[in-house]
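The values are calculated or read from the model by the stated rules, or taken from the named source; none is laboratory data. For clarity, every value in this text was computed on a predicted model and none was experimentally measured. Glycine also receives a Cβ, built like all others from the backbone with ideal geometry; neighbour counts cover every protein chain displayed. Remember, those area values only see protein heavy atoms, side chains included, never the ligands or the DNA or RNA. Shrake-Rupley method; radii C 1.70, N 1.55, O 1.52, S 1.80 Å.
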Amino acid sequence: MKVATTFACAATVMASVEEDQKNRPVTKVINLLKDMVKQLEKEAEEDEEVYNKLSCWCTNNDKEKTKDIADAEDRINNLISTIEEKTATSSRLNTEISNLEQEVSKNQAALDKATSIRKKELADFNEDEKDMLQSISALKSALVVLGKHNGAAMVSVQSVLKQALAGHNDILADMSSPKKDVVTSFLQLSQPAHFQSYAPQSGQIFGILEEMKEQFEHNLEKAQTNEMSAKESYAQLKSSKEEEIAAANEAVASKEEDLADANEATVNAQSDLEDTQNALAADTAFLKDLEERCASFEKEFEERAKTRTDEIAAVGEAMSILNSPEAFDLFGKTTTQTSMETQKKGFLQLGSVSARSRDARNKAQASLMQVAKSSRDPRLAFLATKVQTADLSEAIEAIEKMIAELDQQNKDEIKKRDWCRDELNENDKQTALADQEKGFLETKIDELTSQIKTLTADIEDAQNTIKEVKIQVTRAGEDRNGENNEFQQTVADQRATQTILKKVVDRLNQFYEKKEALLQAGGRQDPTPGADAPPPPPGFKEYKKKEGGNKVMSMIEDIIAESQRLENEAVQAENDAQAAYEDFVKSSNKQVAALQQEISDKTATRADAKQEKTQAEQDLKGTNGELKKLTEYRAELHGECDFVMDNFEIRQSMRTEEINGLKDAKAMLSGMR
């Protein structure tokens, strides 16, 4: 019954004390400070949320713009290289096209000139052939008429002879003086009676006309041979020039297409370059502004956090002062004396417990505030204020929760450090392998480029050699035709010479053989009969053959033999020259075939080398892309890991210090239970 009464009294007293405390002015101040702490905590959380968003925004934009700037710089360098390369290609192609067009123009001019000459030669040949055929036909008719010795017919012979000699003065000029005199005299006759008196000399005219007919036939054959040779030479020249012109036009068309592609690529690259430079300038300006704004955000957040931490510490210290035993005793004097006496008499033990509780809270708060100041962690400052204001169990629970968070942060940071080490080491390893592959590919590309350049030069040399060989074969054919024409002329001249000389020898042989027979017959005449007849007058002296005649015939026969020797030598030389020409053509054809095979082989090898180079360049591009990604990833790793690794020991130590401070505060508060 007494115990119940005592507890009832205690409850009444406690209620009275609490009501008293609520009504005290200082309690309102403390409550206001508590509200301030709550507001500061809310503002801190809001600032933390804003800071996290701004930090994420700054980090993401910094990475993106840094990457965009690096990509733009690489693209600008590539575009500049492309523009320079395509400009050089355009210049080279313009020069090559100009040279090819000049070559086409020269070849076309040469072909046109050759065609014009050929047309003139053909027209002249047709005219000469027609004239010679008419002359030959007329001479044949004249020879038939001349055989009849008809005076009237001789007039037509005279007309034919005049017509044959017209335009062929060279034939008359080549005649000997006696023959020329005979022809001239014949042409000067004007009356049929004169032709009757001229009959004894008609045999000479017949021979002259026969020789003229043979000469016309020889000239016709020679002209036809020359025409055939000229026709073949022109056909070869035309074919060669047309092939060269077609090849040059094809090359011009191909190079003009390449030039158009190069010019288009240059224009596109210049446009891309301008766009990329503008984008780079905009990204650079944005990144600069971003760095300034983010640095300002960072600085402002640090200043706000420091100010708020200091404010929270000041509020906490103020609350500690207001809740201290001295302040409690001092503020307690303002209560009624009766209430104090009642408290002192009935609840000495309760007052003692309350004093110990405030003392423990103050010590715990002081310990946490000290750690908060050294670590500059606003959460500890918030927790320090809760120690004074919150329920004891709630305060201990908050400390335990923060200890668990800090301990987990330590573990996470250790895990993060180990991951950073592994990733950086793996990045170094992959970068080294990529660098090695890049060096190998660059060396391979250089070797293939050199090989392609050498093969291209060899192919061009082979093509130039083929052109030169074909030109030499064409020239050799032209020279061979000229030599053959000269040979035909030489043989014809020698054979004509031999024919004429043989006629001379035959004519002289006829005379001297006949005279010898007459002389032998005259030497057997009987003496004049009649004894009484006067002696006969002196007879003829003995007729002897002129020794000069035999000498002339011997000389002519020597000339004939010399002419035959020259003819044989010309034939042998012609055969040798033809054989040498055929050997040269065969050798040239073999050389061209070998060069064409070489071009084919080297073209195939070059195509393989180009394909291999293209693949190597693609591989190098991929390797460079991989290296770029590795570099970017390494930069990201450093951005993510450098702070952790550089400050690992310090952060671990500071966090351990915070944990120890929290544990000390917890121990202080736990001792109050």
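Data overview
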quantity: Estimated inter-spin distance, ASP619 and GLU256, nm [label 7 Å along Cα→Cβ]; calculated: 4.1
quantity: Alpha-carbon radius of gyration plus Dmax, which is the widest Cα pair, for the range 205-248 in Å; calculated: 18.8, 62
quantity: Principal axis box of the range 397-492, alpha-carbon based, largest edge first, Å; calculated: 136, 19, 7
quantity: Segment ILE117-GLU468, length gained on full extension (0.36 nm per residue, minus Cα span); calculated: 123.9 nm
quantity: Out-of-range pairs (alpha-carbon distance over 20 Å; input LYS119/LYS213; LYS231/LYS590; LYS415/LYS628; LYS429/LYS628; LYS130/LYS213; LYS119/LYS238); calculated: LYS119/LYS213; LYS231/LYS590; LYS415/LYS628
quantity: Exceeding the 19 Å Cα-Cα cut-off - candidates LYS113/LYS255; LYS63/LYS416; LYS467/LYS586; calculated: LYS113/LYS255; LYS63/LYS416
quantity: Using a Förster distance of 22 Å, the FRET efficiency for GLU562-ALA492 (Cβ separation, nearest 0.05); calculated: 0.85
quantity: Protection proxy ranking, peptides 477-484, 457-464, average beta carbon neighbours within 10 Å, highest first; calculated: 477-484, 457-464
quantity: For the range 79-141 versus the range 625-647, the gap between their alpha-carbon centres in whole angstrom; calculated: 71
quantity: Extension gain, ASN31 back to LYS299 (0.36 nm per residue minus Cα-Cα distance, nm); calculated: 93.2 nm
quantity: Mean accessible surface per residue for the range 83-133, computed with a 1.4 Å probe while every protein chain stays in place, in Å²; calculated: 66
quantity: Sites ALA579 and VAL267 - FRET efficiency at Förster radius 60 Å, r taken between beta-carbons, to 0.05; calculated: 0.45
quantity: Extension gain, ASP74 back to ASP642 (0.36 nm per residue minus Cα-Cα distance, nm); calculated: 201.8 nm
quantity: For GLN108, net neighbour charge (Lys/Arg +1, Asp/Glu -1) across residues whose Cβ lies under 14 Å away; calculated: -2
quantity: Debye, to nearest 20: dipole size of the range 45-139, +1 on Lys, Arg Cβ, -1 on Asp, Glu Cβ; calculated: 1000
quantity: Sorted peptide list for 653-665, 93-105, 421-433, criterion being average Cβ within 10 angstrom, highest first; calculated: 653-665, 93-105, 421-433
quantity: Cα-based equivalent ellipsoid, the range 25-118: semi-axes from gyration tensor eigenvalues, Å; calculated: 87, 8, 6
quantity: Modelled FRET efficiency - R0 30 Å, GLU101 with LYS610, Cβ distances, 0.05 increments; calculated: 0.60
